[in-house]
Amino acid sequence: EALSYAIDKDALISQVLPEGTEKATQFMPDSVNGWNPDVTTYEYDPEKARELLAEAGYDEANPLTLDFNYPVNVSRPYMPDPEQIFTVLSSQLQEVGVVTNPVTDAWSPDYLDKITGTADHGIHLLGWTGDYNDTDNFVGVFFGSKSAEWGFDNPELFSALAEARGVSSLDEQAALYQDINQMVAEFITGVPLAHPAPTLAFAPRVESYPA
């Protein structure tokens, strides 16, 4: 919760993410069924972050220290320059008294294997490009079962996702997934940062390319 309040997503987007990027409030974009317009958010509030860290026993004499993993020599649609993103976020965390130790690995297979397959990592950068427009391809992939990446066990959330997956009505699914997005926001598995705008470049002669 403290880290959520410590991060200025608007500044991150304006400084290092492409034009057209939207701030994220949940772990899927608003074009996907079940996006919740009323989900609990944690707007940038460094003083609130400091208060929560103090409640947890951290201060200048005993700062919260975290490994911060990010990949090198790679550019992803949701993470065009990982080092720049790390630099901005680590600076924001430092402002509230959180010390970050950078830990880097090559993208594939080292970084992906470490983050998704082991518990040998700290906070980290990772994103997702949906394979198809279905809610389970987002929150179901992330939070449908125990995972080494997230490091949590929430049977209530797993059960809710399993139930929503089997509902045939999109309207009924939407209500269930809105509740699930609220559950995720309250559980704070991680901090959803942004939905970067993907970029396509073409020669002047190209017209009406279906992205």
- Message: Return the residues of segment 110-138 that are part of a loop (DSSP other than H, G, I, E, B), of a type in the set (Asp, Glu) and touching a Lys or Arg at 6+ places or on another chain (Cβ under 9 Å); say none if nothing qualifies.
- Response: Asp120
- So which residues in segment 130-155 are closer than 24 Å to Asp171 by Cα and in contact (Cβ under 8 Å) with a residue 40 or more places away in the chain? Gly130, Asn133, Asp134, Thr135, Phe138, Val139, Phe142, Phe143
- Counting only residues that are in a loop (DSSP other than H, G, I, E, B) and among the small types (Gly, Ala, Ser), which one in segment 185-203 is most open to solvent (accessible area, probe 1.4 Å)? Ala201
- Query: Conditions: (1) outside any loop (DSSP other than H, G, I, E, B); (2) touching a residue at least 40 places away in the same chain (Cβ under 8 Å); (3) surrounded by fewer than 16 Cβ atoms within 10 Å (Cβ to Cβ). Gln173 meets all but one. Number of the miss?
  - Reply: (3)
- Message: Out of everything in segment 95-115 that is modelled with pLDDT of 95 or more and hydroxyl-bearing (Ser, Thr, Tyr), what residue ends up being least open to solvent (accessible area, probe 1.4 Å)?
- Response: Tyr111
- Ser31 is checked against (1) over 20 Å from Ile123 (Cα atoms); (2) in contact with a Ser or Thr (Cβ under 9 Å, 6 or more places away or on another chain); (3) open to solvent by 60 Å² or more (accessible area, probe 1.4 Å); (4) hydroxyl-bearing (Ser, Thr, Tyr) and fails just one. What number does that condition carry? (2)
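The values are calculated or read from the model by the stated rules, or taken from the named source; none is laboratory data. Since we're looking at a predicted model, the values are computed, not measured. Backbone-built Cβ (ideal geometry, glycine too); neighbour counts: all protein chains shown. Accessible surface areas use protein heavy atoms only, side chains included; no ligands, DNA or RNA. Shrake-Rupley method; radii C 1.70, N 1.55, O 1.52, S 1.80 Å.
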